[in-house]
Amino acid sequence: MMQTSSPTPVQHIITPETRAAGIQLYIKRDDLIHPFVSGNKWRKLKYNLQEAGNLNKDTLLTFGGAFSNHIYSTAAAAAMHGFRSVGIIRGEETLPLNPTLSFARNAGMQIHYMDRSRYREKDSPELIRQLREEHGDFYLIPEGGSGLLAVKGVRELVAEISFPFDYICTPVGTGGTMAGLIAGAPPAAQVLGFAALRAENYLEEEVRNLLSQNNSTNLPGWHICHDYHFGGYARIDKKLASFIASFESSFAIPLDPVYTSKMFFGLLDLISKGYFEKGKTIIALHTGGLQGKAGMQPKIEKLLAGSA
């Protein structure tokens, strides 16, 4: 279950920033891991689906926002492997359904909405008990897929990189991918995260909690940069929209507007400012999530046209 035939490729790119700074930059193309269960979501779900099967569960229940890559990927993975799926969506119903929720529903996911105040209690035992009364027995996958099994899946990607590196970078949403990279990276490397939302201190605490549960030792150094969230989760402005268009034109590598675009913008900005020593090798993890671009494309086009 959830096996791939070969590692995702690592692609070398050269930009004006990397050339001037003497930096070697590579992209780990996890966006190519699967057409529907994309990037880090594939790795996070891999062992969760195995565990659900081991426990003889036939239903997956999870949480996410209306444009959530995790909701999209869980719906696809459940359908592929014969599970029923339930998605608890933060906020109120908005019709027509956006592309993310439309895909999830067409994949068989039951969509249920939860007001934001109740949603904030999503980790409480009482709320989980109520959800079991409403939806029957299920295998619970945390929001974003983060948890110990997610860390186990993500850490495996480091072994797919066949050459030494000094830094490995990732977007950060819930902290699971960051924790997996820290657990898997060699001690001499550094793990650098780029927050996709306004969540200073919270994300660091989430990562520390996951690492402590994982009992990881001899870990590399790590840091989360909070300077490139562009105002918050799923926020985008003309500068970021223009960067996406320029990057995609230069390298033919698609970027999503929520996670990877912010990481690459921030990473190239740090390179231009001399953050990294000359001669360093950097791996940037493309975490996929390209499905989220469809729902935001009208706004991106307005920004590029100067009308938003």
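Below is a table of values for the structure above.
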read-out	value
Residues being β-branched (V, I, T) and touching a residue at least 60 places away in the same chain (Cβ under 8 Å) - total across the range 114-147	1
Filtered residues of the range 212-232 (kept if over 26 Å from S242 (Cβ atoms) and in contact with a strand residue (DSSP E or B) (Cβ under 9 Å, 6 or more places away or on another chain))	L219, P220, G221, W222, H223
A159 being within 20 Å of I224 (Cα to Cα), small (G, A, S) and not in a strand (DSSP E or B)	no
Of all residues in the range 10-64 being of a type in the set (K, R) and surrounded by fewer than 24 Cβ atoms within 10 Å (Cβ to Cβ), the one that is farthest from V154 (Cα to Cα)	R19
Criterion: of a type outside the set (F, W, Y), touching a strand residue (DSSP E or B) at 6+ places or on another chain (Cβ under 9 Å), closer than 19 Å to L45 by Cβ and outside the structural domain of L32 (by TED's automatic domain parsing) - qualifying residue of L140, L131, L97	L140
Test set (1) surrounded by 13 or more Cβ atoms within 10 Å (Cβ to Cβ); (2) within 19 Å of A78 (Cα to Cα) - L97 fails condition number	(2)
Residue in the range 244-267 that is nearest to the chain's Cα centre (by Cα), counting only those that are crowded, with 21+ Cβ neighbours inside 10 Å and assigned to a helix (DSSP H, G or I)	T260
Residue match in the range 275-294 (condition: in contact with a Cys (Cβ under 8 Å, 6 or more places away or on another chain), over 19 Å from G173 (Cβ atoms) and not in a strand (DSSP E or B))	no
Per-region count, the range 233-243, residues under 20 Å from N69 (Cβ atoms) and in a loop (DSSP other than H, G, I, E, B)	4
Selection within the range 61-98 - out of contact with any helix residue (DSSP H, G or I) (no Cβ under 8 Å at 6 or more places or on another chain) and hydroxyl-bearing (S, T, Y)	T94
Search result, residues across the range 217-231 that are exposed (fewer than 15 other Cβ atoms within 10 Å of the Cβ), under 20 Å from F165 (Cα atoms) and at pLDDT 95 or above	G221, H223
Residues located in the range 103-156, provided they are hydrophobic (A, V, I, L, M, F, W, C) and part of a helix (DSSP H, G or I)	F103, A104, L127, I128, L131, L148, L149, A150, V151, V154
Condition met for I182 (crowded, with 24+ Cβ neighbours inside 10 Å and assigned to a helix (DSSP H, G or I))	yes
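Matching residues to (1) assigned to a loop (DSSP other than H, G, I, E, B); (2) closer than 30 Å to K122 by Cβ; (3) not aliphatic (A, V, I, L, M):
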position: T18; (1), (2), (3): no, no, yes
position: G53; (1), (2), (3): no, yes, yes
position: A66; (1), (2), (3): yes, yes, no
position: S73; (1), (2), (3): no, yes, yes
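The values are calculated or read from the model by the stated rules, or taken from the named source; none is laboratory data. Fair warning: this is a prediction, and the values are worked out from it, not measured in the lab. So basically every Cβ, Gly included, is an ideal-geometry build from the backbone, and we count neighbours across all protein chains shown.
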